[in-house]
Every structure is written in C-alpha cells, then in structure tokens.
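Inspection log for the structure reproduced underneath, given as structure tokens.
The values are calculated or read from the model by the stated rules, or taken from the named source; none is laboratory data. Fair warning: this is a prediction, and the values are worked out from it, not measured in the lab. Cβ coordinates were reconstructed from backbone atoms using ideal geometry, including for glycine residues, and neighbour counts include every protein chain displayed.
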C-alpha cells in the first residue's frame, strides 16, 4: 500500500530557556501512514506528538531526518494542498462568522468562488452549524469552535487529514458526531492521522497506532495485531473451579472474583486445559486475550521509561 | 499575487474590526478640528499654523499605526495560534509575511486618504484655499511609515509586541536625530562614542529627510518639493523597506511556530 506520509529518523530539539540545554522533542522518529489508513498517534504529554505534526506541516523546521508526503520528499505547497489540518484547540479571528472564515480558508486553497459557497454550506451542515453560519465566532462555545476547526480542515476535500485532539472540548454527543464524520471520510478513502489522549476514541476509530515516548517510536502497527500480541489466552469455565488454584501453571491468574475465567500464557495453555478436564470442570470456551488499548499503551510507555524496550 | 491580496485584505478587515483603529483616527480628526482653538492660532499666519499642526498630528497618527500594526500583526497571530491554521495551508511563509505588510500599507493609504480629505475640506472651508500640496506631505509620511512598519514587523518575528513598539520608537527617534546629533557625535567626543555614532549614522536612514511638513505648511514659499525630490525619497524608502522586509522574511522562514 502506498505511503501518504513517511518519516525517517526525524530529530528536533528545543531550548526551553536561554541558558537551559537543548531538549530532544523528537529523537530519531520513524513513522508511516498508508493510504486509506486511520492511524492514531499516541504518547504521554511531552512525547513529541504535536512537534511531529508541526514538522509534517512545515510549522517547525526539523534538525534532521526526512519527511515524504505523497511520495515526494519534503514539505511544499503542492503537498499541503492535499492536507487538511485541525490544530489542538483551534483559534480563529472571533469577529468572523463561520461562513466568512471558511471562505477565507477556501481562498488560501485557491478554491473557485463558484464552488466555495456550496462547499461551505455542505461543511456547515456536516458539523451541525448551519443555523449559526452568520453569527460571529465570539458567540461560540468551545465545542462549536472545535466543530468549526473540523469544518475548516475539510474545506479543500483533503486526501490526508491531520487532527490534533479532534474531540477536545466536545460533549459526548459531539464526539459521536465527529466519529461518524471520520467513519464517512474513511469510507471515502481519506487517510487520517489522529493525535489524541482519548485512547478509547483511538481504539474505536483507528486501524493502526504509533506510540511515541520522548520523541521515539516505542510501538506501531495494526491495532488488532498489537492488542493480541501479548501471547495470553483466557479460558472460561461453566462453573467456578475453586479447588484448582494450587495446581495451576505459574502464568495463570483468575480474572475477577468468580473464579470462572482464567488468564494465562500460551505456553501454559495445554497444561491448564488438561488440569481442568482431569478435575472434572467444564470448559465454556477459550479465546485469545485482547488487551485494551489503555493497558497496551501503559505497558509500552512504562517499558520505555524503565529502559526495558528492546 | 492572489494570496498576497487575500492576506492584505484580511489585515484591512481586521483593522476595521478593532476599536483602537477608530480611536486613533477619531482622536486625530478631533484634534485637527481643535487646532483653530489654540491660543497661538489666533494670531499670525493661521493657515500655515493650521497646516503644520495638522500634518504634525497626521505624522504621529501614522507613526502610531505603523508601529502598532507592524509590531503586533504577526506576533498576535503567533500568540493566539491562528497562524497554525494559515501556514499549514498551501501558502508560502513569504506570501503571508508580505501580504500582511501590504495590508498594513493599505490601511495606512486608506487612513491618510481620509485625513487628506478632512484637512483639505477643513482648510477649504475655513480659508477658501484648496491645497493639493498637502498630498505631498502625506505621501512622505506614508513613505516613512512604510519603513517603520517593515522594521517593526521584522522585530516582531522574535520579539514581543511591547518590545517591538519600544524598538520602533527608538528607531524613529535615532533616525530623526541622526542628521544633527549623530553627525556631531561622529566627529567629536571619545573614540567609542564616535564609532557607535558613525555606525548608526551610516546604517540608519535619515528619516528627517521625509519631514517636509514645514515646507508644505508654508506653502512651499521658501523651498519647493519637486517631483525629483519625491522620486528620490520614494527610492530611499523602497530601499530600506526592501532590506527590512527581506531580513524579516528570512527570519520568519526559519522561525519555529
């Protein structure tokens, strides 16, 4: 699959104060977003997520490394014409109305005046702001401004959408609404890169994730593969088997208080099944254990922090 | 060109939505109307005094607008982070920077044209004199303001708006006194002061050359400001403005946002 974005060995350091030493915001980052993919960029605060996005958009100048957009090296206006960007907590000139703001951004993309009005009406309807089209933005709530941010990111019908905390400031209904928009975009073939702290949101929307910590990529890949990669299985029993505990293999542990679900490593699976059957207990099912993204994320970031990452 | 126009017009629209713009304009017009009430205006050559005071007020207004708009236009976008929404679009940084500068120039042109109408009508109504010569003075005020705007814009790439205003004031004062004090300091005093004064003397434009208010106020009776003078002043302003714009764009293109 063709890569829409490819980052190789990207480095960027900042000086936080005049006399303070330079701090690596990005330290040899590698990342790839394939066409049609929705990739979640995750990381703790200060991991380098926003700096990475800014580097891709040409808002900061990396110290070294390469960025390819749509197969071409470097960031130029031609590539940016295909990109829509939602910054974290988007700010606008508040005296403008949504219609005027979108018209302004449409002009920056060189959209023809004849097509802009129809596009604006469609986008305002999409984000649920049709009735507020001619109100000035200083009357808008944080959530409404976020919707405007999403609308402006879509003004040029981008092939590649970069979203920094897209659900920030949105209420639960707003989050569901935006998720629906992203699903529709995915169906239409738009490639999306989302940076977010909302792990459940990422888990629901994204096909793949990249976890970065201290400017380095600590894990990346297809979400299903990553979350199943911990080599653990879960055996469900028809009734609790209280007398098994003493003989269970070392990796096995009961899930919950009921003692009717057993979690264990793959190497211990056969021994455990044999033990259960020999003891006359009934097996309801065996399945691969899938971690939540939160568990996976925590494990990886902790591992990275403790220097146990291979 | 199209994007320069988009950015320039956004600056004009922005100015039209800012109270400070109207306050500065209204204060200038009000003070022009109050000039005849000055005690000194009751005697002597009233027309000359009227013109000189009005042009002096216009100079101050243009200076304030140039420094405030030049020093805050980009800095405010960066501070409020609206710049992320702009630079991430298919635009070049120089287009944004130059568009902003042209927008400020457009605001100055509109403002000075309004002031020209106000002074012209006022002089015509009070003294029955139509004075197109005022346009020459307003043109040189505009030229000086373009240099100040380009300088404060350049400073605003890395400095805070308040510091930019201070830099603008300092530049204005030093560049106005360079013909007198700096020239004297360059030829007298201790060696370090002479080197410093000499450096500033040769590197800064002599803004006093743009001050033709007095000549125009006296109806060009002593000196006449000809077309050649205006062309030379335009070239001088274009040279310094061009240098400051080039440096500003150079710095801005390297700045992390």
Worksheet entry | Scan of the range B:241-257 for residues that are under 16 Å from the mean Cα position of the chain (by Cα) and either over 19 Å from residue B:203 (Cβ atoms) or buried (at least 20 other Cβ atoms within 10 Å of the Cβ) (or both), ordered by number | B:241, B:244, B:245
Discussion item. Yes or no: the range B:50-61 includes at least one residue that is closer than 21 Å to residue B:155 by Cβ and surrounded by fewer than 18 Cβ atoms within 10 Å (Cβ to Cβ).
Written reply: yes
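Results for (1) more than 18 Å from residue A:2 (Cβ to Cβ); (2) at pLDDT below 90, shown as yes or no for each residue.
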| site | (1), (2) |
| --- | --- |
| A:66 | no, no |
| A:70 | no, no |
| A:86 | yes, no |
| A:89 | yes, yes |
| A:92 | yes, yes |
| A:95 | yes, yes |
| A:113 | yes, yes |
Worksheet entry | Matching entry among A:33, A:127 (being away from chain B (no Cβ under 14 Å), buried (at least 16 other Cβ atoms within 10 Å of the Cβ) and in contact with a strand residue (DSSP E or B) (Cβ under 6 Å, 6 or more places away or on another chain)) | A:33
Item to complete: Name every residue in the range B:183-214 that is without any contact (Cβ under 8 Å) to a residue 24 or more places away in the chain and either crowded, with 16+ Cβ neighbours inside 10 Å or in contact with a helix residue (DSSP H, G or I) (Cβ under 7 Å, 6 or more places away or on another chain) (or both), in order of residue number.
Response: B:183, B:185, B:186, B:193, B:194, B:197, B:198, B:201
Response to the item:
Taking the range B:26-66 and keeping residues farther than 16 Å from residue B:120 by Cβ, modelled with pLDDT under 90 and out of contact with any helix residue (DSSP H, G or I) (no Cβ under 6 Å at 6 or more places or on another chain) leaves B:34, B:37, B:38, B:39, B:40, B:42, B:43, B:44, B:45, B:46
Item to complete: Please verify whether the range B:161-177 includes one or more residues that are part of a helix (DSSP H, G or I) and at pLDDT below 80.
Response: yes
Discussion item. Can you say whether residue A:221 is outside the structural domain of residue A:260 (by TED's automatic domain parsing), over 15 Å from the mean Cα position of the chain (by Cα), surrounded by fewer than 18 Cβ atoms within 10 Å (Cβ to Cβ) and touching a residue at least 12 places away in the same chain (Cβ under 8 Å), as far as the supplied structure shows?
Written reply: no
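Give B:177, B:163 a once-over and let me know the one that is within 30 Å of residue B:119 (Cα to Cα), out of contact with any strand residue (DSSP E or B) (no Cβ under 8 Å at 6 or more places or on another chain) and surrounded by fewer than 19 Cβ atoms within 10 Å (Cβ to Cβ).
On the way: B:163 fails: within 30 Å of residue B:119 (Cα to Cα).
The conditions single out B:177.
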Practice prompt. Collect the residues in the range A:232-246 that are surrounded by 13 or more Cβ atoms within 10 Å (Cβ to Cβ) and touching a residue at least 24 places away in the same chain (Cβ under 8 Å), keeping them in residue-number order.
Written response: A:232, A:233, A:234, A:235, A:236, A:237, A:241, A:244
Response to the item:
Of the residues in the range A:260-298, those that are within 19 Å of the chain's Cα centre (by Cα) and without any contact (Cβ under 8 Å) to a residue 24 or more places away in the chain come to A:295, A:298
Practice prompt. Within the range A:72-110, track down each residue that is at the interface with another protein chain (Cβ under 8 Å from one of its Cβ atoms) and at positive phi.
Written response: A:89, A:110
Worksheet item: Residue check: is residue B:100 within 14 Å of chain A (Cβ to nearest Cβ), part of a helix (DSSP H, G or I) and either surrounded by fewer than 23 Cβ atoms within 10 Å (Cβ to Cβ) or touching a helix residue (DSSP H, G or I) at 6+ places or on another chain (Cβ under 6 Å) (or both)?
Response: yes
Practice prompt. Filter the range B:13-39 for residues that are in a helix (DSSP H, G or I) and within 13 Å of another protein chain (Cβ to nearest Cβ) and give the result.
Written response: B:13, B:14, B:15, B:16, B:19, B:21
